[in-house]
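First up is the structure itself, then whatever we jot down about it.
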Amino acid sequence: MTRPRVVVTGIGAVTPLGLTAEETWQGLLAGRSGIGPITQFDPSHLPVRIAGEVKGFDPGRYMPVKEARRISRVSQLAVAAAQEALSMAGLTPPLGERAGVAIGTGIGGLEWAFAQARVLWERGWERVSPFGITASLPNMPAHHISGWAQALGPTLTVVTACAAGTQAVGEGAEIIRRGAADVVIAGGAEGFIHEIAIAGFAAMRAISTRNEEPQRASRPFDAQRDGFVLAEGAGILVLERWEHARARGAPILAEVAGWSSSSDGFHVAQPDPEGQGAMRAMRWALQDAGLRPEDVDYINAHGTATPLNDVVETRAIKGVFGPHAYRVPISATKSMTGHAMGGSGAIEAVACVLTLRDQVIHPTVNLEEPDPECDLDYVPGQARRADVRVVLSNSFGLGGQNACLVMKKLTINN
């Protein structure tokens with residue numbers, strides 16, 4: 001039995017580079033950084049005072065102001081991106097029982113839990129918000145998208161740290177493949193630029209301390225990299241059964257050809273030094289797509305700019321792609337957006353769709369002194385035109401949880 005084909009008919013993004021997918025994409029092509037000083041709270045007591053914040057975001061544009069006050073920032077960002085994606089796909093709520101939702105997040109609305117804990121300690125339990133618990137739950141972005149779109153089919157939340165957004169897109173495709181839905185709103189979001197997150201990652205020595213030059217702080221594959229830059233944002237894809245999309249004349253932007261997830265089974269924060277878990281995810285995703293490594297024209301790297309990740313990812317790409325690893329262009333979206341944790345993989349999936357659309361690969365910025373152990377083609381400095389028909393996107397999360405997505409350009413012949 002031939003499994004259903006899954007295509008992308010809409011995309012949406014809210015990121016440090018813009019409030020739409022197109023604004024984000026143009027920022028990426030221009031090599032513009034969205035990283036700057038933190039404005040959401042006073043970071044003066046912290047060793048890190050920079051982040052990739054979404055700028056100029058007004059949740060009242062996407063939902064009633066009263067509702068916006070009762071939900072977390074991650075849910076606000078996710079709903080905004082979902083609205084853009086459905087509009088592009090030409091879908092209008094209510095979507096009904098044959099539509100589902102699959103959203104990834106690493107932390108959810110945890111800022112609500114911290115805020116309400118402070119209220120409890122300082123003002124007593126009677127002043128705790130009745131929305132504190134629900135707003136903090138990680139499944140709330142999926143809930144709010146489902147409620148807004150009236151997508152009443154399967155609803156799924158993926159919480160696999162930095163791999164969540166990529167895995168949610170894959171799981172969304174799987175829902176369609178098994179016949180449980182014709183349409184799935186899939187992606188990831190994060191909205192946790194919070195002092196506890198900055199403090200915690202600083203204690204781990206995982207984030208960059210380049211406070212004086214924020215736009216140059218995220219430096220994937222560079223010898224002078226000193227950690228990732230925390231960010232926020234959302235990326236959403238409308239996935240659709242191919243026949244369903246064709247029947248309604250929907251724009252088909254790309255095909256989800258394959259995906260996979262894997263575990264390092266190694267360490268809570270450090271990747272397997274040999275990259276075995278990452279290699280498994282890439283190999284299995286290519287097998288799922290029925291493609292060879294040589295078929296891949298572009299890799300969107302996890303590319304966090306941490307000393308360990310970039311070397312291990314490079315090692316893993318070489319392990320899977322062999323000599324082709326030196327021929328395939330690779331770039332790191334996080335060099336400009338920062339790392340939006342559970343939202344990053346979905347934002348990068350949006351970038352991959354636009355790479356296929358425009359046949360342009362966005363650059364890796366701040367790659368000025370290549371690490372000798374990172375010796376592949378990371379498209380440094382400026383965008384590059386290329387013939388791109390198959391893209392592979394990597395996401396590797398805390399806990400050694402990995403996800404990989406393969407998408408391809410649809411042509412008349414396929």
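The values are calculated or read from the model by the stated rules, or taken from the named source; none is laboratory data. Values in this document were obtained by computation on a predicted structure and should not be read as measured data. Glycine also receives a Cβ, built like all others from the backbone with ideal geometry; neighbour counts cover every protein chain displayed. Only protein heavy atoms, including side chains, enter the accessible area calculation; ligands, DNA and RNA are left aside. Shrake-Rupley method; radii C 1.70, N 1.55, O 1.52, S 1.80 Å.
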field: FRET efficiency for Arg98 and Glu212, using Cβ-Cβ distance with R0 set to 51 Å, rounded to 0.05
entry: 0.45
Gaussian network model of the chain, springs between alpha carbon atoms under 10 Å - residue of Asp310, Asp226, Asp377 with greatest fluctuation: Asp377
- request: Can you spot the aspartates and glutamates whose alpha carbon is less than 19 Å from Lys318's alpha carbon? Ignore those fewer than 8 places along the same chain.
  value: Asp222, Asp264, Asp272, Glu274, Glu294, Asp295, Asp297, Asp310, Asp371, Glu373, Asp375, Asp377
- prompt: In what sequence, highest mean first, do 129-136, 146-153 appear when ranked by Cβ atoms within 10 angstrom?
  reply: 146-153, 129-136
message: What's the magnitude of the charge dipole for the range 309-414 around its Cα centre, counting Lys and Arg as +1 and Asp and Glu as -1 at the beta-carbon? Answer in Debye, nearest 20.
response: 580 debye
- prompt: What is the Cα centroid distance between the range 144-158 and the range 380-409, reported in whole angstrom?
  reply: 26 Å
message: So if I take the centroid of the Cα atoms in the range 1-64 and the same for the range 309-324, what is the distance between those two points in Å?
response: 28 Å
message: Placing unit charges on C-beta atoms (Lys and Arg positive, Asp and Glu negative, everything else neutral), compute the dipole magnitude of the chain about its Cα centre in debye, rounded to 20.
response: 860 debye
field: Listed values (1) 1.16; (2) 1.02; (3) 0.91, entry calculated as Cα Rg over 2.2 N^0.38 Å
entry: (3)
- prompt: Which residues in the range 207-221 have a backbone N closer than 18 Å to a point placed 7 Å from the Cα of Arg384 along the Cα-to-Cβ line?
  reply: 220-221
Net charge of neighbours whose Cβ lies under 9 Å from the Cβ of Val311, counting Lys and Arg as +1 and Asp and Glu as -1: -3
Share of carbon and sulfur in the accessible heavy-atom surface of the chain [1.4 Å probe, %]: 54 percent
field: Only Lys, Arg (+1) and Asp, Glu (-1) charged, at Cβ; the range 44-124 dipole about Cα centre in debye
entry: 220 debye
task: Specify the residue with the greatest mean-square fluctuation among Met63, Met282, Met336, computed from a Gaussian network of the chain linking alpha-carbon atoms under 10 Å apart.
output: Met63
- line: Label model pair Arg61, Arg123: point-to-point distance (7 angstrom along the Cα→beta-carbon line) in nm is 3.0 nm
message: If you restrict to DSSP beta bridges whose two residues both lie in the chain, what percentage is antiparallel, to the nearest 5?
response: 65 percent
statement: Asserting the computed 222 nm helical MRE of the chain (DSSP H runs at least 4 long, -39500 (n - 2.57) per run, divided by residue count, to nearest 500) equals -10000 deg cm²/dmol
- prompt: Separation of the range 208-283 and the range 105-124 by C-alpha centroid, Å?
  reply: 28 Å
message: Run the reach check for Lys66 against lysines, Cα to Cα strictly under 29 Å, same-chain hits fewer than 8 apart removed. What comes back?
response: Lys55
message: Kirkwood Rh and Cα-based Rg: tell me the resulting Rg over Rh for the range 305-404, rounded to two decimals.
response: 0.92
